[in-house]
Structure formats: C-alpha cells, structure tokens
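Here's the structure, in structure tokens; my notes come after.
Just so it is clear, none of the values below were taken in a lab; they were calculated from the coordinates. This is a predicted model, so every value here is computed, not measured. Glycine gets a Cβ as well: all are built from the backbone with ideal geometry, and neighbour counts include every protein chain shown.
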Amino acid sequence: LRVYGPAESQRVVFGDVCPLLTSLLDGYNVCVMAYGQTGSGKSYTMLGPHSDDGPVLPLDPQSDLGIIPRTAEELFRLISENPSRSPKVEVSIVEVYNNDIFDLLAKDTVAAVSGVKREVMTAKDGRTEVALLASEAVGSASKLMELVRGGLQLRAKHPTLVHADSSRSHLIITVTLTTAACSDSTADQACSATLPREQTEAGRAGRSRRTSQGASAPQPVPGDPAGRAEQVQARLQLVDLAGSECIGVSGVTGSALRETACINRSLAALADVLGALSEHRSHVPYRNSRLTHLLQDCLGGDAKLLVILCISPSQRHLAQTLQGLGFGIRARQVQRGPARKRPPSSQTEGKRRPD
C-alpha cells in the first residue's frame with residue numbers, strides 16, 4: 001500500500017510497476033488496473049496528458065507520460081538485454097462498452113468507427129479469452145504505442161459536467177509475451193540475464209523466501225520428442241477503467257445516461273467479485289458482468305495484480321471518494337495465495353468453447 005500525493009511525478013508512480021515487468025519476463029501473468037470516479041486522473045495515470053497525437057517515444061526524463069507508454073519502453077528495454085530467448089510480443093486492445101466487448105484492432109471497415117463486437121470464451125486450459133480477437137505482433141515500443149493510439153481513437157467518449165472528455169468504456173490492453181522456456185539447469189544464467197547483478201541476486205533471495213512460504217516452484221521443462229522448442233506465454237493486462245459517476249453531478253441524459261448506468265453496474269460487479277474473493281465465498285460472481293468475466297483470470301487466478309486507486313480531493317465528490325476507498329479496501333483484503341509462473345508448453349492451445 002502506497003499513497004501518492006498530487007506532487008508525485010509519473011516516473012515515481014511507474015516505479016511500482018517496474019518490478020512487475022520483470023515478473024512478466026519470468027513467466028508470470030500481470031495486471032495493472034486504474035480505478036476511480038470520472039475526472040479523478042485514471043487515464044492521466046495510465047496514458048499521460050491528453051493529446052491528439054498520442055504519447056511520443058522515446059521518453060524524456062521529465063515527461064508526464066503515464067504507465068502504458070512507460071511500460072512499452074521498459075518492456076522492450078528488458079527484452080533487448082536478453083534476446084537469446086527469442087521473445088515474441090503480441091498486442092490486443094478491447095473496450096467494454098455498455099456491457100459489450102468491442103475489438104479495437106479488428107480490420108473491419110464496416111465497423112471501423114466503433115470496433116467489432118466479440119464474446120468471452122473459455123479455453124481448453126480454463127483461461128478466459130475473447131473469441132476471434134485480433135492481435136498484432138510488435139517489435140518495438142513505438143509500434144506498440146502506435147496500436148494503442150489507434151485504439152484510443154475508437155474508444156467511446158462523451159462530455160459531462162465533470163469531465164469534458166469522459167471515457168465511456170473500460171479499456172483493456174493485453175500484451176502477450178512468448179519466450180523460449182529455460183530449463184532448470186540454465187534458469188539462473190539465461191533467464192536472469194534481463195536484470196543487473198544486484199537485482200538478480202535480490203530476486204533469487206525473494207524466490208527462495210516465497211518457496212519456503214509455500215509458493216509454487218518453477219516447473220521443470222519436459223522433453224519434446226518432436227524437437228520443438230518449449231515456450232512460456234505470459235500476459236500483461238493494462239486496464240483503464242471507466243469512471244464511476246453520480247448522475248446528479250455529471251448531468252448526463254439520453255444515451256450518456258445509459259452509458260453511466262452500465263459503467264456503474266460493471267464497477268459494482270467488480271467490487272462484488274473482490275468482496276467474494278476476500279471473504280472466500282464458494283461462488284464468485286464473475287459472470288454478472290462482461291468486464292469481470294473478461295478479467296476473471298487476473299482477479300481470481302494466479303496473476304500479479306496491482307490496483308491504482310484515483311480519488312478526487314474535492315468536497316463535492318466526497319461520496320464518490322468514499323466509494324472508491326471502499327473499493328480499495330476490498331481489493332486489499334483479497335488473499336489469493338502466491339502467484340504462479342505459466343508452465344512451458346510445446347503445443348498450441350486447444351479449441352475454445354463458448355460459455
């Protein structure tokens with residue numbers, strides 16, 4: 001738990017995200033999520049200042065760019081330090097708008113303005129995925145951010161009395177990293193090459209402590225008689241949630257009023273899921289919303305999850321601030337056990353089945 005004051009720089013905030021990128025390269029699933037009311041600074045935290053041209057890379061040391069462009073640059077910096085594992089990076093971008101999922105990278109000229117509607121599916125291994133989701137391979141941070149800029153242009157927005165450029169959908173950027181698996185005998189030499197010596201030694205000590213506390217040890221790489229290279233696939237999800245709203249304050253009407261209702265219901269469903277997880281209930285209501293169904297793996301699975309809570313200092317928004325703090329308390333109370341590395345595989349995913 002850490003509190004950032006209004007004078008804290010974006011660089012300082014990103015400092016808490018950096019270790020998670022190392023975990024991603026080590027084979028862990030990771031999710032970074034920004035939650036808060038409309039106008040509280042979620043999109044600023046995740047993306048940076050609003051600009052029609054979008055984030056520019058490489059970063060200036062004093063830049064106000066947010067977590068997503070900084071993540072893109074840091075990820076490819078880490079990858080460049082150990083190219084021997086043949087890393088492959090793929091990106092997909094969706095928005096959850098009015099409880100529907102839209103693919104913002106789909107190449108469909110008929111639906112080029114709003115994206116293509118998709119459904120959540122369950123893969124053979126039990127993971128939740130979006131059926132027929134478009135993804136693109138990227139080889140640089142600038143290419144990744146180019147895709148993000150294109151997706152942002154399609155994201156649903158509507159002005160309100162609280163925010164002139166209010167996002168009306170939840171934005172989810174998924175970065176899938178596929179790397180060659182390291183065998184147990186070479187894990188320390190090859191896999192730890194992405195970090196400086198002092199960080200590597202600290203990481204080994206941390207892994208030793210986690211193992212002694214019951215964490216899952218890395219799984220051995222099985223032999224492959226066909227001679228195919230074993231691979232590890234890990235996912236990074238960057239989530240810019242739509243803001244919760246008080247209708248009386250935001251002044252929305254018509255279609256915007258429906259958007260607000262859908263946003264608030266989906267955020268309430270997210271809070272319900274966290275509440276069920278924190279209380280260890282036998283049933284967790286993931287499917288009460290497409291947002292929670294889509295994020296099921298990172299909420300209740302074995303991913304490393306970081307929630308950034310954005311609140312307003314204004315007395316006018318006290319009720320929404322208290323609601324946001326309540327959400328943060330629920331998130332802090334969730335005890336899911338240790339995160340686990342994705343096991344290596346030499347086979348493609350099985351066929352997916354609809355829920």
Practice item. Grab the beta carbon distance between SER278 and LYS107, set R0 = 30 Å, and tell me the FRET efficiency rounded to 0.05. Key: 0.15
Point to revise | Partner lysines for LYS304 [C-alpha distance under 18 Å; skip if fewer than 8 residues away on the same chain] | key: LYS341
